[in-house]
Amino acid sequence: MSEDRRRVLTDEQLTEIATGLRELGGAKPMDSLPDLAARFGWRVLSPHADRARLDIGFGPTSGRVFAEDGRIVDITLWLTKGVPQDDEGRTWARDTFARWVGLLTELFGRPTAHIPGEVSAVRWAGEADTLILRDVDGSLQLTLMDNNWLSLGDQADTLAAEESR
């Protein structure tokens, strides 16, 4: 890579965010988003009753929030930015993903699910929500998702896979 434009959260930042998200202990009201964002140092952009964009430090699309019935059910954060879509960039992303899986495993114990594929994911399920680390084509994401919302998404994915056969 001639000019490296990669930006990535540090292991310490990931630890702070993952621990903070896990401590939320279930879906929060959407109107608590400004306080939640202030706690993590994020900016809330384009807030609506059922969604908002976040700037977690990588620009205006580095995070998103979805809500259902006034409660936050999905917080997704892009932990990397500018990873080149070449062999070196993909290798770097895979190595960083593996390192972060190890870090999150130290924090939260063994993952409850490993999902291989084009979009690799590792999950740590809690009582009310699940923490998910994803590698989406070199873009690493951390999501805290309500377990009911996650279950509905998994069901939709299963149906879509069955229909494509």
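The values are calculated or read from the model by the stated rules, or taken from the named source; none is laboratory data. Model, not experiment: these values are computed from the prediction. Note that we place each Cβ from the backbone using ideal geometry, even for glycine, and neighbour counts take in every protein chain shown. Remember, those area values only see protein heavy atoms, side chains included, never the ligands or the DNA or RNA. Shrake-Rupley method; radii C 1.70, N 1.55, O 1.52, S 1.80 Å.
Worth a mention:
- Odd one out for LYS81 among (1) at pLDDT below 90; (2) over 24 Å from GLU127 (Cα atoms); (3) surrounded by fewer than 14 Cβ atoms within 10 Å (Cβ to Cβ): (3)
- Qualifying residue in the stretch 47-55 (condition: touching a Ser or Thr at 6+ places or on another chain (Cβ under 8 Å) and closer than 23 Å to PHE97 by Cα): yes
- For the stretch 48-56, the condition of being among the basic types (Lys, Arg) and closer than 24 Å to SER151 by Cα holds for at least one residue.
- Residues in the stretch 125-141 that are among the aliphatic types (A, V, I, L, M) and open to solvent by 20 Å² or more (accessible area, probe 1.4 Å) were compared, and the one that is nearest to ALA18 (Cα to Cα) is ALA125.
- Scan of the stretch 127-160 for residues that are in contact with a Leu (Cβ under 9 Å, 6 or more places away or on another chain) and either of a type outside the set (Val, Ile, Thr) or part of a helix (DSSP H, G or I) (or both), ordered by number: ALA128, ASP129, LEU131, LEU133, ARG134, SER139, LEU140, GLN141, LEU142, LEU144, MET145
- Checking each residue in the stretch 75-115 for being assigned to a loop (DSSP other than H, G, I, E, B) and either within 16 Å of the chain's Cα centre (by Cα) or β-branched (Val, Ile, Thr) (or both) picks out LEU79, VAL83, PRO111, THR112.
- Matching residues in the stretch 1-57 - criterion: being open to solvent by 50 Å² or more (accessible area, probe 1.4 Å), farther than 19 Å from ASP74 by Cβ and outside any helix (DSSP H, G or I): MET1, SER2, GLU3, ASP4, ARG5, ARG6, ARG7, VAL8, THR10, GLY41
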